[in-house]
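Values quoted throughout were computed directly from the atomic coordinates according to the rules given, and no laboratory measurement underlies them. All values derive from a computational prediction rather than experimental measurement. All Cβ positions, glycine included, derive from the backbone under ideal geometry; neighbour counts span all protein chains shown.
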Amino acid sequence: MENGSVVTSFILKAYTQLEDHRYVYFTGFLILFIVLLLTNAILITVIYIERGLHEPMYFFVCNLAVNGIYGSLSLFPSALVNLMSHTYEISLTACLLQIFCIQTYGSVEFSILAVMGYDRYVAICHPLRYHQLMSHRKVGTLIALSWIYPCVVFAVYFTLAARLTFCDRIIEKVYCINFELIKRSCFETSIQNIVGLVVAFLVIVPQLLMILFSYAQILRICLSASKESKAKAIQTCTPHLLAVINYAVGVLFEIISSRFNMSHVPHKARIFMSLHFVIFPPLCNPVVYGITIQAIRVQIFKLFATCKNKLTPQQLVTK
């Protein structure tokens with residue numbers, strides 16, 4: 001093994017499985033990156049400029065889109081560079097930065113989804129008191145907590161990992177992840193493992209309990225409601241449920257691919273499983289919310305219609 005002080009960079013070995021068609025994968029990743037940035041940016045723009053969408057639910061959706069862009073920036077630029085590289089090397093500093101960004105992206109995503117679940121609970125179970133219970137001040141506090149709480153909790157664990165020295169340069173993934181980095185330490189990591197379990201508990205259990213509580217209360221109300229009310233509740237909750245399921249599948253894939261022996265699974269399937277967590281939630285969320293929520297869908301069409309009308313006179317002059 002190498003001396004720990006010598007290891008200042010790592011090799012992301014999973015990219016070797018993409019060498020044969022690197023230009024195809026590069027093009028696909030680039031298109032995905034552009035689409036992801038555009039769809040989330042359009043959603044943020046529509047919610048920002050349309051005053052009729054300045055409601056709690058839409059503020060939470062906007063933050064989900066902002067976090068999607070944040071998570072994408074932590075993965076795609078690095079992936080695109082590595083796909084065109086022949087070394088697949090990443091410095092320790094860049095690796096640590098990517099770990100912090102990807103881990104906080106995932107934690108913030110779950111926190112926002114938990115807060116959105118609470119918002120749906122208040123909207124369905126206490127409709128007459130909705131604006132009182134979800135005041136702008138409270139919404140601002142919930143959004144701030146969704147970002148600050150997971151970032152602070154993970155930062156404590158991150159500082160422990162950042163102080164380690166490493167004896168193995170090979171990481172069997174296409175991006176740096178904390179669990180893989182800890183395993184390559186030169187020394188005993190039992191403290192980091194214990195703190196990691198505590199951090200995982202703090203960033204998963206409270207949010208999960210909030211989602212379960214919210215939907216338990218929604219289900220209780222729906223069981224005694226009319227068919228019309230049930231249909232409205234389903235319509236209201238569907239985008240959020242789809243976002244939660246999509247996120248849960250991605251996290252499950254990441255846990256399975258990182259914690260268990262996956263040697264029997266084809267390499268490209270393992271790569272897909274590890275990327276689902278970072279790519280599909282920010283890719284699907286703006287599409288789901290843009291299509292299923294009529295208020296957002298109408299404003300998106302208006303935005304495109306306005307842009308088209310502004311371009312038409314210029315085209316006529318050119319002709």
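Sort out which residues of segment 258-276 are within 21 Å of the chain's Cα centre (by Cα) and among the hydrophobic types (A, V, I, L, M, F, W, C), and write them in order of number. If you could, list the steps in order and put the result at the bottom.
First pass over segment 258-276, keeping only residues within 21 Å of the chain's Cα centre (by Cα): 258-259, 269-276.
Ala269, Ile271, Phe272, Met273, Leu275, listed by residue number.
Would you say Arg220 is charged (D, E, K, R), out of contact with any Asp or Glu (no Cβ under 9 Å at 6 or more places or on another chain), under 20 Å from Val115 (Cα atoms) and exposed (fewer than 12 other Cβ atoms within 10 Å of the Cβ)? Judged against the criteria, Arg220 is a match. One residue stands out among those in segment 57-90 that are among the hydroxyl-bearing types (Ser, Thr, Tyr) and not in a helix (DSSP H, G or I): the one that is nearest to the chain's Cα centre (by Cα), which is Tyr88. Taking each residue of segment 209-220 that is among the charged types (D, E, K, R) and looking for partners that are surrounded by fewer than 19 Cβ atoms within 10 Å (Cβ to Cβ) with beta-carbon atoms closer than 9 Å, six or more apart or interchain, yields Arg220/Cys125.
Residue-wise test of (1) surrounded by 15 or more Cβ atoms within 10 Å (Cβ to Cβ); (2) in contact (Cβ under 8 Å) with a residue 24 or more places away in the chain; (3) under 20 Å from Phe301 (Cα atoms).
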residue	(1), (2), (3)
Val7	yes, yes, no
Asp20	no, no, no
Gly28	no, no, no
Leu38	no, no, yes
Val46	yes, yes, yes
Val61	yes, yes, yes
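What tally of residues in segment 61-93 results from selecting those that are in contact with a Ser or Thr (Cβ under 6 Å, 6 or more places away or on another chain) and among the aliphatic types (A, V, I, L, M)?
Residues of segment 61-93 that are in contact with a Ser or Thr (Cβ under 6 Å, 6 or more places away or on another chain), as a first pass: 89, 91-92.
Of the ones still in play, those that are also among the aliphatic types (A, V, I, L, M) are 92.
Adding up the residues that qualify gives 1.
Taking segment 51-93 as the range and being among the acidic types (Asp, Glu) and closer than 23 Å to Thr238 by Cα as the test, only Glu55 passes. Just one of the listed residues (Ile182, Ile234, Ile191, Ile245) is crowded, with 16+ Cβ neighbours inside 10 Å and either in contact with a helix residue (DSSP H, G or I) (Cβ under 6 Å, 6 or more places away or on another chain) or β-branched (Val, Ile, Thr) (or both), and it is Ile182.
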